[in-house]
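Single-structure report; data block below.
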There are 2 protein chains.
Amino acid sequence: MGGDFAPLEAVKGLQLFINQPHKAEGIFCIGDEAVVKPLLESFNILNDVHLVHAPEVIGYHEHPTKALKEKQRSSIAIGFHLLATGKIDAFISAGNTGAMLVGAMFTIKAIEGIIRPTIGTIIPKTDGSTGLILDAGLNADCKPEHLNQFAILGSLYAQNILGIASPKVGLINVGEEEGKGNILTQATYPLLKENKQINFAGNVEGRDLFTDKADVVVCDGFTGNIILKLAESLYDVAVLRNLQDEYFNRFHYQIYGGTPVLGVAKPVIIGHGISSDIAFLNMVLLAEKMIETDVCGKMKASFASL
Amino acid sequence: MGGDFAPLEAVKGLQLFINQPHKAEGIFCIGDEAVVKPLLESFNILNDVHLVHAPEVIGYHEHPTKALKEKQRSSIAIGFHLLATGKIDAFISAGNTGAMLVGAMFTIKAIEGIIRPTIGTIIPKTDGSTGLILDAGLNADCKPEHLNQFAILGSLYAQNILGIASPKVGLINVGEEEGKGNILTQATYPLLKENKQINFAGNVEGRDLFTDKADVVVCDGFTGNIILKLAESLYDVAVLRNLQDEYFNRFHYQIYGGTPVLGVAKPVIIGHGISSDIAFLNMVLLAEKMIETDVCGKMKASFASL
């Protein structure tokens, strides 16, 4: 029920997913039966999904914690309940972002040893590859140890989901040399340098974000969110300038579909409010990949070994 | 003598300036006479400039404060001396950035009342207008009162140099609503809202940077530097993608030429190390405009009234 065009685009995205080869053993569709059932019927996928009735909806402007607590029969609350109890293996929604985060943190919970779960976003590189930036906005103010953990989470995500064997990790900074930066990055650099679980490539400047200097770049959520939204707007700029360019097309949010919450025990993916069918399709594909690779299990193992 | 292609590009830029209508009453060229004089002669502008001999050069990797103190006969030291004593009205160099900043701070000095001078950079807007972002990297860590002062300096710069009558000031942030942000922006918002010397337009997100939502955007120098370098790299991306686009061409550093130090008593402009003739031309034009509009005097008056 989440997203500006819910549930139509979600159903259309599911149809796209179902009509292509896939490995998912069961697809659960959580929403208001009266609205969703006829839609699933008209798209001819009613028999391909388990429809779970959720009569309540958490609106965009509702207080996340309060709404999640009070609306136990909303699609978000039910989704987290199914995920927590093992009925489903991944949960996706384009609904209230705050409620999704609260559910991820308090129903699914952070992996032991992780101080702050984070969200990452994809960065298209000019060489055709794909990088990851994190935190992309969940933790506006960060400490060095947070960024050091993001580096591990991002590396595991890049290995498992982006298929990069030994991802180069960069620290977003204002200069190349060690010692450059603000208080946060100056204190973070030595931690990343000593971190044996990552392949640290040093500082990465604004001009390096689209190059192959690093596959995974870490920063506080304030910086990451500015970069994420600036990068997304490049797609709009290209459209405005009437540029038909493959590279700039890759900045369209629907390519990556949604934002995974990293550092929580199970796959949770948050979609854009404006999610289209393609965005939903890509989120389901991402969920499938997160399940298949057991990336959350690998994160757990990685932090257990520390 | 500053810049990777010094002094050739500087002399070529001066020639471009001299051969167009201009108001500058005197042009001082500070550098090693043995190198610069033949160049000025070959470009036929020896009689148009006052050549000031500077036998020493501060290298790129020298320690700014130490070099400036020890190399009193370097072009940077002599330039600041001429500016401080009123022999010249503006000083430009593409040399050691640190030495330029140290000279600006300690020889020219901050305007009374200004806690931290800042550097700004131009942002091309998709509507054809030009915006300003500051701090662009001088002050990596900032306090709310710094950003509040940057807002005033930026507004005066936009009015006088960019010709925007009542520049809209935005606070770079992760969300639109008041209350959003990291500790710094949450504390800065109320200051900007109460600031009667500016036309505050609220928070500005990464996606708004190239739109007309604000003419002047303020942030800490860490964030600003990441944005500046990311924006500059868009020109390179466009070239790489073989896009011949007027808008992306405007991201080329040489369009704005150099970075003015704002909040010091007199015009100081720092050029890119890779400055070309066009970049030097644009820096001289900017210096001319800063002198003509007395933007530094207006900044002084503005802070005297607080």
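The values are calculated or read from the model by the stated rules, or taken from the named source; none is laboratory data. Because the structure is a prediction, the values reported are computed rather than measured. Please note: Cβ atoms are built from the backbone with ideal geometry, for glycine as well, and neighbour counts cover all protein chains shown. The protein model used for the area step is the full one, side chains on, heavy atoms only, and it has no ligands, DNA or RNA in it. Shrake-Rupley method; radii C 1.70, N 1.55, O 1.52, S 1.80 Å.
Points worth noting:
- Test: residue in the range B:119-126 that is crowded, with 23+ Cβ neighbours inside 10 Å and farther than 27 Å from B:Phe17 by Cα: no
- Filter pass, B:Ala54 being within 14 Å of another protein chain (Cβ to nearest Cβ) and modelled with pLDDT of 95 or more: no
- In the range B:219-266, of all residues being more than 7 Å from chain A (Cβ to nearest Cβ) and of a type in the set (Asp, Glu), the one that is farthest from B:Gly128 (Cα to Cα) corresponds to B:Asp220.
- Any hit, the range A:237-251, residues being under 26 Å from B:Ala238 (Cβ atoms) and small (Gly, Ala, Ser): yes
- Per-region count, the range B:56-74, residues in a helix (DSSP H, G or I) and not hydrophobic (A, V, I, L, M, F, W, C): 5
- Among the residues of the range B:81-104, those that are closer than 25 Å to B:Ala136 by Cβ and over 16 Å from the mean Cα position of the chain (by Cα) comprise B:Leu83, B:Ala84, B:Ile88.
- Filter result (closer than 12 Å to A:Ile123 by Cα, acidic (Asp, Glu) and within 17 Å of the chain's Cα centre (by Cα)) within the range A:195-237: A:Asp215, A:Glu232
- Scope the range B:280-306; condition at negative phi and part of a loop (DSSP other than H, G, I, E, B); matching residues: B:Ser305, B:Leu306
- Number of the condition not met by A:Asp208 [criteria: (1) out of contact with any strand residue (DSSP E or B) (no Cβ under 9 Å at 6 or more places or on another chain); (2) over 29 Å from A:Gly59 (Cβ atoms)]: (1)
Every residue, every condition in (1) closer than 30 Å to A:Glu177 by Cβ; (2) polar (S, T, N, Q); (3) touching a residue at least 60 places away in the same chain (Cβ under 8 Å); (4) open to solvent by less than 90 Å² (accessible area, probe 1.4 Å), yes or no:
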| site | (1), (2), (3), (4) |
| --- | --- |
| B:Asn19 | no, yes, no, no |
| B:Lys23 | no, no, yes, no |
| B:Gly26 | no, no, yes, yes |
| B:Glu33 | no, no, no, yes |
| B:Asn47 | no, yes, no, no |
| B:Ala54 | yes, no, no, yes |
| B:Ile58 | yes, no, no, yes |
| B:His61 | yes, no, no, no |
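- Taken as a whole, the structure places B:Val11 among residues that are closer than 20 Å to B:Glu288 by Cα and either in a helix (DSSP H, G or I) or open to solvent by less than 50 Å² (accessible area, probe 1.4 Å) (or both).
- Selection status of A:Leu138, in contact with a Phe, Trp or Tyr (Cβ under 6 Å, 6 or more places away or on another chain), at negative phi, among the hydrophobic types (A, V, I, L, M, F, W, C) and buried (at least 22 other Cβ atoms within 10 Å of the Cβ): no
- Residues within the range B:23-34 that are assigned to a helix (DSSP H, G or I) and at pLDDT below 95, tallied: 0
- Within the range B:153-171, being over 13 Å from the mean Cα position of the chain (by Cα), open to solvent by less than 10 Å² (accessible area, probe 1.4 Å) and either in contact (Cβ under 8 Å) with a residue 60 or more places away in the chain or within 14 Å of chain A (Cβ to nearest Cβ) (or both) holds for B:Ser155, B:Gly170, B:Leu171.
- Residue list for the range A:182-213, filter: away from every other protein chain (no Cβ under 14 Å) and either at positive phi or touching a residue at least 60 places away in the same chain (Cβ under 8 Å) (or both): A:Gln197, A:Gly202
- Selection count, the range B:75-110, where residues are open to solvent by less than 30 Å² (accessible area, probe 1.4 Å) and assigned to a loop (DSSP other than H, G, I, E, B): 5
- Residue satisfying condition, being closer than 30 Å to B:Asn242 by Cβ and in a helix (DSSP H, G or I), within set A:Ala151, A:Ala158: A:Ala158
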